[in-house]
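The values are calculated or read from the model by the stated rules, or taken from the named source; none is laboratory data. What you see is a predicted model, and the numbers here were worked out from it, not measured in a lab. Every residue, glycine as well, gets a Cβ built from its backbone with ideal geometry; the counts of neighbours run over all protein chains shown. Note: accessible area is taken over every heavy atom of the protein model, side chains too, but ligands, DNA and RNA are not part of it. Shrake-Rupley method; radii C 1.70, N 1.55, O 1.52, S 1.80 Å.
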Amino acid sequence: MGKLKPKERSVEEKVAIVLSLLKGESSAAELCRRYGTTENSLNKWRQRFLEGGKAALNARKAEAQVALEQENRQLKEALAEAVLKLEIQKNSGDYKVFVL
């Protein structure tokens, strides 16, 4: 006889099992017996769950970084345009110096 294939679980089932473990509602051994899985599988689910949560929390940081980079690019373009206008005015003789 061959090795039994583990039961395929939905994402929702895995999340519920992992949350039960993380909340301390049941021990890993108890959850494994109840749901017919191994501690190795449960540990993998827990690790993936935690990594996914970390990635979700870092997503805001990444979005903020993208926004800052876009603003920086726009400011550089505005500065380059202003410098170009000053150069054009300087070369046309219509250049005035303002002292602040």
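Against the longest principal axis of the chain, how steep is helix 11-22, in degrees 0 to 90 to the nearest 10, with axes from Cα atoms? Computed tilt is about 80 degrees. Per residue, the chain reaches -26000 deg cm²/dmol at 222 nm when only DSSP H runs of four or more residues are counted, each adding -39500 (n - 2.57). Each residue of the range 43-56 was assigned a 3J(HN,Hα) from its phi angle through the Karplus curve 6.51 cos²θ - 1.76 cosθ + 1.60 (θ = phi - 60°); the sequence is 5, 5, 4, 4, 5, 5, 4, 5, 5, x, x, 5, 5, 5 Hz, with glycine and proline shown as x. What a 1.4 Å probe finds exposed on the chain is 57% carbon and sulfur by accessible area, rounded to a whole percent. Convex hull volume of the C-alpha atoms in the range 30-72, normalised per residue: 57 Å³. Here the Karplus curve 6.51 cos²θ - 1.76 cosθ + 1.60, taken at θ = phi - 60°, turns the phi angles of the range 73-89 into couplings of 4, 5, 5, 5, 5, 5, 5, 4, 5, 5, 5, 4, 4, 4, 5, 5, 4 Hz, with x standing for Gly and Pro. Working from label points 7 Å from Cα in the Cα-to-Cβ sense, the Ser92 to Arg48 distance is 6.4 nm. Think of a 1.4 Å ball rolled over the protein heavy atoms: the chain then has 88 Å² of accessible area per residue. Across the chain, the mean sequence separation of Cα contacts (distance under 8 Å, 6 or more residues apart), normalised by length, yields a relative contact order of 16 percent.
Note that the range 3-63, at 20 °C in a medium of 1.002 mPa s, gets a Stokes-Einstein diffusion coefficient of 170 µm²/s from its Kirkwood radius over C-alpha pairs.
One decimal place: the segment Ala16-Ala56 gains 12.6 nm when fully extended, by the rule 0.36 nm per residue minus the C-alpha distance.
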